[in-house]
């Protein structure tokens with residue numbers, strides 16, 4: 001499975017193209033652009049698109065709704081991608097036509113544009129990822145998981161590395177029986193959640209863990225993670241109505257000594273944080289039995305918290 005997050009922007013407004021590159025690049029998306037229909041069609045023939053954002057008017061405000069003509073082309077040339085119509089001139093007729101021709105969603109160029117852009121695009125990309133995951137055989141999943149790990153290891157852009165790490169963890173939990181992805185990187189006014197896993201495992205250890213959900217935090221930093229991030233994560237665990245007592249903190253760059261020392265002090269209220277540094281994550285990815293490997297890492301975390 002190809003890494004997710006390849007986005008095509010079709011827009012003739014330089015200011016919006018700049019905004020797209022800055023906002024979406026910071027989220028780890030791979031962004032390419034086209035400013036007219038001819039360039040857009042050539043781009044659409046390339047493989048791997050997850051979402052295509054199409055401006056309704058590609059010849060200025062007074063021009064025709066030429067962007068609408070491209071909606072059907074996305075379905076035909078990039079059938080796995082989700083098309084999102086972007087407009088400052090929404091009309092009932094334009095929106096009706098867009099959905100009739102297969103658009104996934106639409107986004108207005110107003111004061112809420114920046115916020116809704118990220119939310120709607122993430123929904124689209126998650127839908128594409130879920131479709132791709134659903135078609136993978138066991139062998140294909142294993143190959144995709146190893147490819148994702150190689151991509152995380154080799155990626156130099158810090159934002160893209162985070163997106164690849166997210167893909168890796170989604171794939172990884174797909175291979176552990178009874179663990180089901182609920183959501184990925186959800187934000188509200190209070191917190192951001194990287195990955196929420198529903199625990200329906202029949203394995204006695206996970207049953208006895210008495211946790212309905214497992215919270216996964218991913219930090220793709222090149223430097224070790226410090227104490228502040230630990231306290232933020234423990235707060236998230238503690239405020240899940242008692243349904244989330246287990247957290248996995250994934251940080252290929254490692255954790256500071258102060259982080260690990262503070263972790264012992266935070267071991268309260270029946271909460272447990274399992275640390276996955278580079279070698280532990282690598283072992284989990286390459287394991288022939290990830291459930292058994294995760295159980296051993298869980299046991300190790302319990303022992304270390306008790307100072308043994």
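So which residues in the range 78-96 are in a helix (DSSP H, G or I) and surrounded by fewer than 16 Cβ atoms within 10 Å (Cβ to Cβ)?
Here is the first cut: in the range 78-96, the residues in a helix (DSSP H, G or I) are 92-96.
Matches in the range 78-96: 92, 93, 96.
Which one of 38, 33 is closer than 28 Å to residue 170 by Cβ and without any contact (Cβ under 8 Å) to a residue 60 or more places away in the chain? Reasoning before the result, please.
Working: 38 fails: closer than 28 Å to residue 170 by Cβ.
Within the list 38, 33, the selection yields 33.
In the same structural domain as residue 25 (by TED's automatic domain parsing), at positive phi and modelled with pLDDT under 95: does that describe residue 63?
no
For residue 45, are the conditions met, namely being out of contact with any strand residue (DSSP E or B) (no Cβ under 8 Å at 6 or more places or on another chain), more than 21 Å from residue 16 (Cα to Cα) and in contact (Cβ under 8 Å) with a residue 12 or more places away in the chain?
Details: out of contact with any strand residue (DSSP E or B) (no Cβ under 8 Å at 6 or more places or on another chain): yes; more than 21 Å from residue 16 (Cα to Cα): yes; in contact (Cβ under 8 Å) with a residue 12 or more places away in the chain: yes.
Considered against the rule, which asks whether it is out of contact with any strand residue (DSSP E or B) (no Cβ under 8 Å at 6 or more places or on another chain), more than 21 Å from residue 16 (Cα to Cα) and in contact (Cβ under 8 Å) with a residue 12 or more places away in the chain, residue 45 comes out as yes.
Check residue 126 against each of (1) in contact with a strand residue (DSSP E or B) (Cβ under 8 Å, 6 or more places away or on another chain); (2) not assigned by TED's automatic domain parsing to the domain that holds residue 16 and name the one condition it does not meet.
(2)
Considering only residues that are under 21 Å from residue 281 (Cβ atoms) and touching a helix residue (DSSP H, G or I) at 6+ places or on another chain (Cβ under 9 Å), look in the range 230-243 and name the one that is surrounded by the fewest Cβ atoms within 10 Å (Cβ to Cβ).
Here is the first cut: in the range 230-243, the residues under 21 Å from residue 281 (Cβ atoms) are 230, 232-234, 236-237.
Retained after the next criterion (residues that are touching a helix residue (DSSP H, G or I) at 6+ places or on another chain (Cβ under 9 Å)): 230, 234.
Numbers: 230: 23, 234: 20.
Going through the qualifying residues, I end up with 234.
Residues 111, 153, 166, 142: which one is free of Cβ contacts under 8 Å to residues at least 24 places away in the same chain and not assigned by TED's automatic domain parsing to the domain that holds residue 61? Outline the logic, then answer.
Details: 111 fails: not assigned by TED's automatic domain parsing to the domain that holds residue 61; 166 fails: free of Cβ contacts under 8 Å to residues at least 24 places away in the same chain; 142 fails: free of Cβ contacts under 8 Å to residues at least 24 places away in the same chain.
Answer to the check: 153.
Tell me yes or no: at least one residue of the range 193-216 is over 19 Å from the mean Cα position of the chain (by Cα), surrounded by fewer than 19 Cβ atoms within 10 Å (Cβ to Cβ), free of Cβ contacts under 8 Å to residues at least 24 places away in the same chain and within 28 Å of residue 140 (Cβ to Cβ).
yes
Any residue at all in the range 258-274 that is buried (at least 18 other Cβ atoms within 10 Å of the Cβ) and either free of Cβ contacts under 8 Å to residues at least 24 places away in the same chain or within 26 Å of residue 146 (Cβ to Cβ) (or both)?
Yes, the range 258-274 has at least one match.
Being out of contact with any strand residue (DSSP E or B) (no Cβ under 8 Å at 6 or more places or on another chain), closer than 21 Å to residue 3 by Cβ and surrounded by 13 or more Cβ atoms within 10 Å (Cβ to Cβ) is the requirement here; does residue 27 meet it?
On the way: out of contact with any strand residue (DSSP E or B) (no Cβ under 8 Å at 6 or more places or on another chain): yes; closer than 21 Å to residue 3 by Cβ: yes; surrounded by 13 or more Cβ atoms within 10 Å (Cβ to Cβ): yes.
In short, yes.
Could you list all residues from the range 262-294 that are out of contact with any helix residue (DSSP H, G or I) (no Cβ under 7 Å at 6 or more places or on another chain) and more than 18 Å from residue 219 (Cβ to Cβ)?
The answer is 265, 268, 270, 286, 288, 289, 291, 292.
Being at pLDDT 90 or above and in a helix (DSSP H, G or I) is the filter here, so list the residues in the range 97-114 that pass it.
Answer for the range 97-114, where residues must be at pLDDT 90 or above and in a helix (DSSP H, G or I): 97, 98, 99, 100, 113.
Here are some residues: 52, 71. Which one is in contact (Cβ under 8 Å) with a residue 24 or more places away in the chain, in contact with a helix residue (DSSP H, G or I) (Cβ under 8 Å, 6 or more places away or on another chain), closer than 17 Å to residue 106 by Cβ and not in a helix (DSSP H, G or I)?
Going through 52, 71 in turn, the sole match is 52.
Does residue 151 satisfy the criteria of being touching a helix residue (DSSP H, G or I) at 6+ places or on another chain (Cβ under 9 Å) and more than 19 Å from residue 277 (Cβ to Cβ)?
Answer is no for this residue.
Would you say residue 121 is in contact (Cβ under 8 Å) with a residue 12 or more places away in the chain, in a helix (DSSP H, G or I), in the same structural domain as residue 10 (by TED's automatic domain parsing) and surrounded by 21 or more Cβ atoms within 10 Å (Cβ to Cβ)?
Spelling it out, residue 121 is indeed in contact (Cβ under 8 Å) with a residue 12 or more places away in the chain, in a helix (DSSP H, G or I), in the same structural domain as residue 10 (by TED's automatic domain parsing) and surrounded by 21 or more Cβ atoms within 10 Å (Cβ to Cβ).
What do you reckon, is residue 114 surrounded by fewer than 16 Cβ atoms within 10 Å (Cβ to Cβ) and under 17 Å from residue 284 (Cα atoms)?
So residue 114 fails the test.
The values are calculated or read from the model by the stated rules, or taken from the named source; none is laboratory data. Owing to the predicted nature of the structure, the values given are computational and were not obtained by experimental measurement. Every residue, glycine as well, gets a Cβ built from its backbone with ideal geometry; the counts of neighbours run over all protein chains shown.
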